[in-house]
Amino acid sequence: MSVKILENQCNGCGACVDRCPFGAIEIVDGIAKLKDNCTGCGACGKACPNNAIEVTKKAKKAPKNNDEYKGVWVFIEQRTGKIDTVALELLSEGRKLADELKVELAGVLLGENVADLAKECFAYGAEKVYLVDGPVFKDYRTDSYTEAIVEIINQYKPEILLFGATNNGRDFAARIAVRITTGLTADCTALSIDPETRLLRQTRPAFGGNVMATILCPNHRPQMATVRPKVMKMDEPDYSRIGEVIRCESSVKEADMTTKILDIIQSISHTVNLQDAEIIVSGGRGIGGPENYRLIEELAEALGGVAGASRAAVDAGWVPHYRQVGQTGKTVSPKLYIACGISGAIQHLAGMNTSEIVVAINNDPEAPIFNIATYGLVGDLHQIVPMLTQKIKTLKM
Ligand code: FAD
């Protein structure tokens, strides 16, 4: 909106001064004057008893023609020339969405000298890769990556754009959505196509995980979603597949950047890598105290796996947070998940219910974890877990 004082109608009554929420109007020589900090909010216009303030609404942008937007795109996050596995998971999921819509699947790849990574994108189902290659894209920066992706979205117009809910994905997907005036659904746990409307159904936990909300973006394009690592299943790659690399020019220049990467310091990560583990043994409140977590660790070690935990065990201070599995912890998808003394709250299940085999050990036969367990052992974990560990050690000898 823009605001203009009609000086011949203003009598300097000051009603607008009182109403302005920003203190951006003053009376000078009996007439209202706008100060530099006027935001054009228009509140003053309603307050003026003499109709001496003209408030003009800015013309709305012409709506996009949604029919021009075609194809499913996945942002191919890479670091030092290695594709993040969440991008491959999203290509696998994107392939299904594209097949259902009968459109192309493409990867969007930014970096320096990363053209070779296109082969991997084709192996995971992409037919095209939009490549933006240059020194300014060597390392991820919010400003350079946002500018470049917005440019190619405006040029090639995808109908769906998916990002991994990584630190970088979360950082710039929202920024892109604002720039191109569309919606973004964060942390989706399921994606599908509505057969009637062809809209992307974006499902994610809502209200603290108590309900699953399915969100549509009917009026704006592209439809954008982020998905956490390990939520979608990764297909087997087929390296015989080929595709087309489209090199995109970008107007992004180093001189225009507001940030510079001076150095990258690798963080000292914890030795547990829950997300890539094939076997996870998790302990919950049922372990009864921090001293008993070693039972969980011993079983995990005997199986060659990694120890995880429920939030109750973490919140109690028994187990560090980086071991937490669930909605506010890690999303995991191992071959074998053993839940010990875990009730099976929806927020815990959200982080592990794509595990291939789930074994639940719980002394309550009614515990909800048994509803999703492949095998259930009803009993005291303090007896069962050491017996299992012993048995596995004996079998290994
Ligand atoms: P409980 O629910 O207390 O269950 C303990 C279980 O142990 C019971 O079933 C009991 O029968 C069994 N048990 C007790 N003693 C024994 C024994 N001796 N032998 C065998 N079994 C025994 N939770 C997560 O785990 N991860 C998350 O990321 C997460 N995020 C959340 C986000 C939000 C917004 C909210 C609101 C909650 C979140 N929660 C999360 C918490 C979640 O709702 C549950 O409170 C939590 O998962 C419960 O942990 P638990 O199963 O270990 O404990």
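Readers should treat all values here as calculations from the given coordinates under stated rules, not as data from a laboratory. Everything quoted here is computed from the prediction, not taken from an experiment. Note that each Cβ is placed from the backbone with ideal geometry, even for glycine, and that neighbours are counted across all protein chains shown.
With an 8 Å cut-off on Cα pairs and a minimum separation of 6 or more residues, tell me the relative contact order of the chain in percent. Here the relative contact order equals 11 percent. Segment 69-133 and segment 22-43 have their alpha-carbon centroids 51 Å apart. For ILE346 and ASN167, the difference between the fully extended length at 0.36 nm per residue and the C-alpha to C-alpha distance is 62.0 nm. Segment 338-397 and segment 204-241 have their alpha-carbon centroids 28 Å apart. Relative to the longest principal axis of the Cα atoms of the chain, helix 142-156 runs at roughly 80 degrees. Stretching the chain fully between MET1 and ASP99 yields a gain of 30.9 nm (0.36 nm per residue, less the alpha carbon separation). Computed over the chain with a Gaussian network model linking Cα atoms closer than 10 Å, the most mobile of ILE160, ILE280, ILE357 is ILE357. Normalised by the number of residues in segment 173-328, the mean separation of alpha-carbon contacts (under 8 Å, six or more apart) gives a relative contact order of 15 percent. Once you sort the root eigenvalues of the Cα gyration tensor of segment 59-128 as a ≥ b ≥ c, which label holds: rounded (a/c under 1.5), prolate (a/b larger than b/c) or oblate (the other case)? The shape class here is oblate.
With both residues required to sit in the chain, DSSP beta bridges show an antiparallel share near 30%.
Quick check for me: using +1 on Lys/Arg Cβ and -1 on Asp/Glu Cβ, what's the dipole size of segment 288-395 about its Cα centre, in debye to the nearest 20?
Details: 7 positive and 9 negative charges, 57 e Å.
The calculated dipole for segment 288-395 is roughly 280 debye.
Within the chain, CYS10, CYS13, CYS20, CYS38, CYS41, CYS48, CYS121, CYS188, CYS217, CYS248, CYS340 have no other Cys Cβ under 4.7 Å of their Cβ and so lack a disulfide-compatible partner by this rule.
For the chain, what is the mean residue ellipticity at 222 nm derived from helices alone (per DSSP H run of n ≥ 4: -39500 (n - 2.57); sum divided by total residues; nearest 500 deg cm²/dmol)? Could the numbers behind the result be given before it?
Numbers: 11 runs with 101 residues, N = 397.
That comes out to -7000 deg cm²/dmol.
In the chain, a dipole from Cβ-located charges (positive for Lys and Arg, negative for Asp and Glu) runs towards its positive end, and of ALA115, ILE338, ALA255 it is ALA255 whose Cα lies farthest in that direction.
Ordering ALA277, ALA302, GLY326 by Cα displacement along the dipole of segment 266-344 toward the positive end leaves GLY326 in first place; charges were set at the Cβ atoms of Lys, Arg (+1) and Asp, Glu (-1).
Only one residue of CYS38, GLY243, SER355 has its Cα farthest out toward the positive end of the dipole of the chain, where Lys and Arg carry +1 and Asp and Glu -1 on Cβ, and that residue is CYS38. FRET efficiency for the LYS335 to ILE242 pair, using the beta carbon distance and R₀ = 41 Å, is estimated at 0.85. Relative to the current alpha-carbon distance between ASP29 and THR394, full extension at 0.36 nm per residue lengthens the span by 121.8 nm. Comparing mean-square fluctuations of LYS96, LYS119, LYS82 from a GNM of the chain with C-alpha springs under 10 Å, the top value falls on LYS82. Scoring 149-156, 216-223 by mean Cβ neighbours within 10 Å over their residues and listing the highest first yields 216-223, 149-156. The C-alpha atoms of the chain define a longest principal axis, and helix 381-396 lies at about 70 degrees to it.
Under 5 Å between amide hydrogens, built in the peptide plane, is the criterion, and for VAL245 it picks out VAL129 among residues at least 5 positions away or on other chains.
Compared with the dominant Cα axis of the chain, that is its longest principal axis, helix 293-303 is turned about 70°. Looking at this model, which pairs from LYS330/LYS396; LYS96/LYS128; LYS64/LYS157 are more than 19 angstrom apart at the alpha-carbon? Over 19 Å Cα-Cα: LYS330/LYS396. Comparing SER92, SER251, SER144 in a Gaussian network model of the chain, where Cα atoms under 10 Å apart are tied by springs, the biggest mean-square fluctuation is seen for SER251.
State, as an integer percentage, the relative contact order of segment 313-394 based on alpha-carbon contacts under 8 Å between residues 6 or more apart. Numbers along the way, then the final one.
Details: 129 pairs, mean separation 18.7, N = 82.
It comes to 23 percent, rounded to a whole number.
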